[in-house]
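Enquirer: Take a look at this one; I'll ask things after.
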Amino acid sequence: IEPELGFGLNLSITTTAQHMKALGYSTHAIGKWHLGFCNIAYTPTQRGFDTFFGYYLGAEDYYSHRRGGSLPGIEDEDVHIDGLDFHHDNGSSYSNVLTQNQTYSTYVFAEEAVRIIENHDASVPLYLYLPYQAVHEPLEAPQRFLDMYKNIENKDRRIFSAMVSALDEAIGNITTVLQSRGLWENTLLVFTTDVSSTTQSTLIIIFQNHRN
């Protein structure tokens, strides 16, 4: 879904989050939505999530969290739009995230997941949907991960490898907090990817509390 397109996931479709919420789960989405935002009804907190923290679109810059695009009906390649695509919604308020400029998105998303898990009431089941931007384009990675792959001559492959390692560390931080909170033994963790050449990774965490 490009920035200028006015559609999204059909509103007649019941999402997994809506099913989970009906079962009493606390539901949270972090990362890349990309299922529509042409009006508020298409946004995550109207599709079953209690909170959303992340991008409405895809292919944002990993550090500035900005996304460019074209204007509807204008074919001039020199005319573009550009803006911040980073949101924090809770169903009653919608705000832009302005405090994470130049912070690598893989870090930011993992930190938000850790925060939610640390503050979660363990008597309530949890559904956490985390579609990372990584390792989709644009190819960008922190220097300390790039330094791990100095032996790789191809620049794109070197950056891609660094992005995978950054993602691996981020997921490790999330599994660590699940363990430290005592939630790990009752958690189903699903790690999956899409089928594009620059693959996006998705982490789904389903914590089932003891009572249920």
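The values are calculated or read from the model by the stated rules, or taken from the named source; none is laboratory data. Small disclaimer: the values here were computed from a predicted structure and weren't measured. Note that each Cβ is placed from the backbone with ideal geometry, even for glycine, and that neighbours are counted across all protein chains shown. Ligands, DNA and RNA are stripped out before the accessible areas are found, and what is left, the full protein with its side chains, is counted by its heavy atoms. Shrake-Rupley method; radii C 1.70, N 1.55, O 1.52, S 1.80 Å.
Enquirer: Only one of Asp121, Asp156, Asp168, Asp194 is acidic (Asp, Glu) and under 26 Å from Phe37 (Cβ atoms). Can you tell me which? Talk me through it step by step, then tell me what you get.
Expert: Working: Asp121 fails: under 26 Å from Phe37 (Cβ atoms); Asp156 fails: under 26 Å from Phe37 (Cβ atoms); Asp168 fails: under 26 Å from Phe37 (Cβ atoms).
Asp194 is the lone residue from the list that is acidic (Asp, Glu) and under 26 Å from Phe37 (Cβ atoms).
Enquirer: Same structure, new question: Modelled with pLDDT of 90 or more and open to solvent by less than 50 Å² (accessible area, probe 1.4 Å): does that describe Met148?
Expert: no
Enquirer: Just give me the residues in the stretch 24-47 being in contact with a strand residue (DSSP E or B) (Cβ under 7 Å, 6 or more places away or on another chain) and not in a strand (DSSP E or B), in sequence order.
Expert: From the stretch 24-47, those in contact with a strand residue (DSSP E or B) (Cβ under 7 Å, 6 or more places away or on another chain) are 25-33, 43-45; that's our starting set.
Across the stretch 24-47, the qualifying residues are Tyr25, Trp33, Thr43, Pro44, Thr45.
Enquirer: Ala162: among the hydrophobic types (A, V, I, L, M, F, W, C), in a helix (DSSP H, G or I), touching a Lys or Arg at 6+ places or on another chain (Cβ under 9 Å) and within 25 Å of Arg115 (Cα to Cα), yes or no?
Expert: Working: among the hydrophobic types (A, V, I, L, M, F, W, C): yes; in a helix (DSSP H, G or I): yes; touching a Lys or Arg at 6+ places or on another chain (Cβ under 9 Å): yes; within 25 Å of Arg115 (Cα to Cα): yes.
For Ala162, the condition - among the hydrophobic types (A, V, I, L, M, F, W, C), in a helix (DSSP H, G or I), touching a Lys or Arg at 6+ places or on another chain (Cβ under 9 Å) and within 25 Å of Arg115 (Cα to Cα) - is met.
Enquirer: Looking only at the stretch 1-23, filter to residues that are among the aliphatic types (A, V, I, L, M) and in a loop (DSSP other than H, G, I, E, B); which one of those is surrounded by the most Cβ atoms within 10 Å (Cβ to Cβ)? So that I can check it myself, show each step before the final result.
Expert: Step one: list which residues in the stretch 1-23 are among the aliphatic types (A, V, I, L, M), which gives 1, 5, 9, 11, 13, 17, 20, 22-23.
Filter once more, so that each one left must be in a loop (DSSP other than H, G, I, E, B): 1, 5, 9, 11, 13, 23.
Details: Ile1: 18, Leu5: 11, Leu9: 14, Leu11: 12, Ile13: 9, Leu23: 11.
The qualifying residue surrounded by the most Cβ atoms within 10 Å (Cβ to Cβ) is Ile1.
Enquirer: Which condition number does Gln143 fail, the rest of (1) open to solvent by 60 Å² or more (accessible area, probe 1.4 Å); (2) at pLDDT below 90 being met?
Expert: All conditions pass for Gln143, except number (2).
Enquirer: Okay, moving on. Applying the selection to the stretch 40-56, what residues are over 21 Å from Leu98 (Cβ atoms), under 16 Å from the mean Cα position of the chain (by Cα) and either of a type in the set (Ser, Thr, Tyr) or open to solvent by 20 Å² or more (accessible area, probe 1.4 Å) (or both)?
Expert: Taking the stretch 40-56 as the starting set, the residues that turn out to be over 21 Å from Leu98 (Cβ atoms) are 41-42, 46-50.
Now narrow it down to the ones that are under 16 Å from the mean Cα position of the chain (by Cα): 47-50.
Asp50 - this is the single residue of the stretch 40-56 that is over 21 Å from Leu98 (Cβ atoms), under 16 Å from the mean Cα position of the chain (by Cα) and either of a type in the set (Ser, Thr, Tyr) or open to solvent by 20 Å² or more (accessible area, probe 1.4 Å) (or both).
Enquirer: Still on this structure: Condition (residue is modelled with pLDDT of 95 or more, polar (S, T, N, Q) and open to solvent by 90 Å² or more (accessible area, probe 1.4 Å)) applied to the stretch 161-178: is it met by at least one residue?
Expert: So far as the stretch 161-178 goes, no, none of its residues is modelled with pLDDT of 95 or more, polar (S, T, N, Q) and open to solvent by 90 Å² or more (accessible area, probe 1.4 Å).
Enquirer: Out of all the residues in the stretch 24-39, which are at negative phi, at pLDDT below 95 and surrounded by fewer than 24 Cβ atoms within 10 Å (Cβ to Cβ)? Break it down into steps so the answer makes sense when it comes.
Expert: Our first condition is that a residue be at negative phi; within the stretch 24-39, this holds for 25-30, 32-33, 35, 37-39.
Add one more test, that the residue is at pLDDT below 95, and what stays is 32-33, 35, 37-39.
Across the stretch 24-39, the qualifying residues are Leu35, Phe37, Cys38, Asn39.
Enquirer: Shifting gears a bit: Quick one: count up the residues across the stretch 113-128 that are open to solvent by 20 Å² or more (accessible area, probe 1.4 Å) and either assigned to a helix (DSSP H, G or I) or at pLDDT below 85 (or both).
Expert: Total satisfying the criteria: 3.
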